[in-house]
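Working notes for the structure below.
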Amino acid sequence: MSRPLSIAIRGAGIAGLWQALVLARRGHKVALHERSAEAFAEACSPYAGAMLAPRCEEESAEPVIRVLGERGIALWKGAYPSLVAKGSLVVAPPRDRVLLDRFARLTQGAERLDASAFASLEPDLGPRFGTALYYPGEAHLNPGAALAFLLQEVEKAGVDVRLGSGEIPQGADLVIDCRGLAAKDSLPTLRGVRGERIVVRAAEIAIERPVRLLHPRFPLYLVPWGNGLFMIGATAVEREDGGPVTLRSALELLSAAYVLDPAFGEAEIIALGAGVRPAFPDNRPRIIVTKGYIYVNGLYRHGFLLAPVLAELVADYLELGAIDSEVFVADPAQR
């Protein structure tokens, strides 16, 4: 890179925040434009589980997600002091143990815990399930707290944050579009996948790690957010509308949480909500480079995991011309 660039970023969700932070710290002049007058009011990021679980994601995602995700965890560790890196767990009711065996075959890096080892990690769960898969290298965070932290860091880095600014920025050397599903008018293959989640308070439950419950009818993941708060999620519905959680989804999520630990029957429901995650047909992320304009989109259910590493890839491309063929796209049909 011969000189710092003037860069305008559209969208202040998790992808836009990381783009702004990395590029500003690399010496570029960055303005972050968000059409909502309130930070995160229209983003899907606050509805994320925010599990940084590249090994667990191998069960249904392509290898590129694990490769990028492991770098994503490293970048979060270097940037966010409140990251919780205690690994993650996968469990199944005894009658569904075949699901646990299948999950183990499709993923790498798991330790198969017996009853004693499981109970030493999670005393509330170990006696109930007897065995679990443990992925020690994974991490998690509270998405609301992490988004607020990143916004502060972006401002400290000198980024010009412009809320209520929805028009295409003018006069910048480069525009980076991180608007998620709002960019569908320019990216015709983009689709929305609705994810519903419930936040509960259960101070008497002491689970410290994200837990995925494999269940033939009601699979779920549970993420401890600290201070007795837990996120229970999430459905994956091929719909592009946000809005309230459906009764069916609420019943499924709460029923599965009760299967995980009956103590959730006494939990207080704090919030119910749904976000719409942007995805391409193959559920892989894209960095789409055109003249003066770059799209960073299609993070699907891996937004918190992949946002930092995609920001790093864009910064490396601008400085060195480096292109990762796994995520960089120049096909006009993807625009």
Notebook entry, point to check: When only C-alpha pairs under 8 Å and at least 6 residues apart count, what is the relative contact order of the chain, in percent?
Noted result: 25
Next item on the list: With +1 on each Lys and Arg Cβ and -1 on each Asp and Glu Cβ, and nothing else charged, work out how big the dipole of the chain is about its Cα centre, in Debye to the nearest 20.
Entry: 320
Notebook entry, point to check: Sequence-distant or interchain residues sharing an amide H contact under 5 Å with LEU220, placed H: which?
Noted result: LEU213, HIS215
Margin query: Starting from 0.36 nm per residue, how many nanometres of slack lie between ALA41 and GLU204 once their C-alpha separation is accounted for?
Written below: 55.6 nm
Check: In the chain, with Lys and Arg counted as +1 and Asp and Glu as -1 at Cβ, which of these residues, ALA53, PRO308, GLY130, has the Cα nearest the positive end of the dipole, that is, farthest along it?
Finding: PRO308
Checklist line | segment 1-133 - charge dipole about Cα centre, Lys and Arg +1 at Cβ, Asp and Glu -1, debye rounded to 20 | finding: 560
Check: So which GluC sites (Glu not before Pro) in segment 50-90 pass both tests, a DSSP loop state and at most 12 other Cβ atoms within 10 Å of the Cβ?
Finding: none
Check: Hey, what number do you get for the chain at 222 nm if only DSSP H runs of n ≥ 4 count, each worth -39500 (n - 2.57), divided across all residues, to the nearest 500?
Finding: -9000 deg cm²/dmol
Note to self: Cross-link candidates for LYS29: which lysines have Cα within less than 28 Å, leaving aside residues fewer than 8 places away along the same chain?
What the structure shows: LYS77, LYS156, LYS184, LYS291
Check: Quick one: if you take sqrt(5λ) for each eigenvalue of the C-alpha gyration tensor of segment 48-178, what semi-axes come out, biggest first, whole angstrom?
Finding: 38, 17, 12
Check: Roughly how big is segment 183-247's charge dipole about its Cα centre, with Cβ charges of +1 (Lys, Arg) and -1 (Asp, Glu), in debye to the nearest 20?
Finding: 140
Notebook entry, point to check: Using only the Cα atoms, what convex hull volume per residue in Å³ does the chain have?
Noted result: 127
Next item on the list: Could you order peptides 200-209, 126-135 by the average number of other Cβ atoms within 10 Å of their residues, highest first?
Entry: 126-135, 200-209
Next item on the list: Name the residue farthest towards the positive end of the dipole of the chain from the options ALA104, ILE269, LEU213, assuming +1 on Cβ of Lys and Arg, -1 on Cβ of Asp and Glu, about the Cα centre.
Entry: ALA104
Notebook entry, point to check: Once amide H atoms are placed 1.01 Å from N in the peptide plane, what residues at a sequence separation of 5 or more from ILE9, or on another chain, have their amide H within under 5 Å of its amide H?
Noted result: ALA31, LEU32, HIS33, ILE176
Margin query: With the alpha-carbon atoms as the only input, what is the per residue convex hull volume for segment 26-123 in Å³?
Written below: 179
Next item on the list: Quote to one decimal, in nm, the extra length available between ALA74 and LYS156 on full extension: 0.36 nm per residue of separation minus the C-alpha distance between them.
Entry: 27.4 nm
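Just so you know, all these numbers are worked out from the coordinates, no wet-lab data involved. Computed from a prediction, not measured in an experiment: that's the story for all the values here. Quick reminder, even Gly has a Cβ in these numbers, built from the backbone with ideal geometry, and neighbours come from all protein chains shown.
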